[in-house]
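The values are calculated or read from the model by the stated rules, or taken from the named source; none is laboratory data. What you see is a predicted model, and the numbers here were worked out from it, not measured in a lab. Backbone-built Cβ (ideal geometry, glycine too); neighbour counts: all protein chains shown.
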Amino acid sequence: METLRVALVGFMGCGKSTVGPVLARRLGFEFVDLDLDIQETAGRTIPEIFEQDGEPAFRALESECLARCALRSRLVVAPGGGVVIVERNRRLLRSQFHVVYLRAKPTTLAERLRGEADHRPLLRGHPLEDRITRLLRERGAFYDEIASQIVDVDGKSPEAIAEEISSGLKSI
Ligand code: S3P
């Protein structure tokens, strides 16, 4: 099977937006950071969308932008960590993308996400570790369920992760 689309999924802070461009360059694919795509479509930042319209409106935009990506080929897409909570997104990801779950330990995520609540509305107003544990409990099974490949990212460079993903792609 020729892989036309790769989706990098995983929790906020797992490295999707850093690994994505490195992988895309290796494969000669385009890279789409779905959060940036959503911001361009809406003409507003993610925190503004959450504040002004609420999370459901953000999720609707996210699904719309993801569906547009599924019509393109030769691309690596990095959706936000919450994309998997919507069933239709999971179905689309499984059917149209080689899905790679970038799996990180909660301690790694906490280190990377400290001080990030300004850009990530879902991290506001809760102790960071509690929030990570709770959201991972809700989402972990979804990441597992849709993954074609799981890569443990703790302590690895973006280049090493991209290489691991490309080797996985060659074997499908
Ligand atoms: C979200 C993750 C964010 C962004 C939004 C919601 C989530 O993307 O889409 O703040 O629900 O986990 P990153 O995973 O790129 O931080």
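Just to be sure before I move on: is V9 more than 10 Å from the ligand (Cβ to nearest atom), under 16 Å from the mean Cα position of the chain (by Cα) and of a type outside the set (D, E) in the structure I sent?
Considered against the rule, which asks whether it is more than 10 Å from the ligand (Cβ to nearest atom), under 16 Å from the mean Cα position of the chain (by Cα) and of a type outside the set (D, E), V9 comes out as no.
Can you pull out the residues in the range 134-146 that are within 13 Å of F11 (Cα to Cα) and surrounded by 13 or more Cβ atoms within 10 Å (Cβ to Cβ)? Lay out the reasoning, then the answer.
In the first step, residues of the range 134-146 are kept if they are within 13 Å of F11 (Cα to Cα); the result is 134-144.
If the condition is that a residue be within 13 Å of F11 (Cα to Cα) and surrounded by 13 or more Cβ atoms within 10 Å (Cβ to Cβ), then L135, L136, R139, G140, F142, Y143 are the ones that fit.
Suppose we filter R25, R59 for residues that are farther than 22 Å from G155 by Cβ, away from the ligand (no atom under 13 Å from the Cβ) and modelled with pLDDT of 95 or more; which single one remains? Steps first, please.
Values: R59 fails: away from the ligand (no atom under 13 Å from the Cβ).
Matching residue, one of R25, R59: R25.
If T108 satisfies every condition in (1) touching a residue at least 12 places away in the same chain (Cβ under 8 Å); (2) of a type in the set (S, T, Y); (3) over 28 Å from R26 (Cα atoms) but one, which is the exception?
(3)
Which of the residues that make up the range 22-32 are surrounded by fewer than 18 Cβ atoms within 10 Å (Cβ to Cβ) and under 16 Å from the mean Cα position of the chain (by Cα)?
Once the filter is applied, which keeps residues that are surrounded by fewer than 18 Cβ atoms within 10 Å (Cβ to Cβ) and under 16 Å from the mean Cα position of the chain (by Cα), the range 22-32 yields only E30.
Looking only at the range 147-172, which residues are loosely packed, with under 14 Cβ neighbours inside 10 Å, without any contact (Cβ under 8 Å) to a residue 60 or more places away in the chain and either among the polar types (S, T, N, Q) or in contact with a helix residue (DSSP H, G or I) (Cβ under 7 Å, 6 or more places away or on another chain) (or both)?
The answer is D154, S157, S167, S171.
V76 passes all but one of (1) within 11 Å of the ligand (Cβ to nearest atom); (2) among the aliphatic types (A, V, I, L, M); (3) modelled with pLDDT of 95 or more; which number fails?
(1)
For the range 64-79, give me the residue count where each residue is surrounded by fewer than 22 Cβ atoms within 10 Å (Cβ to Cβ), part of a loop (DSSP other than H, G, I, E, B) and in contact (Cβ under 8 Å) with a residue 40 or more places away in the chain.
Of the residues in that region, 4 qualify.
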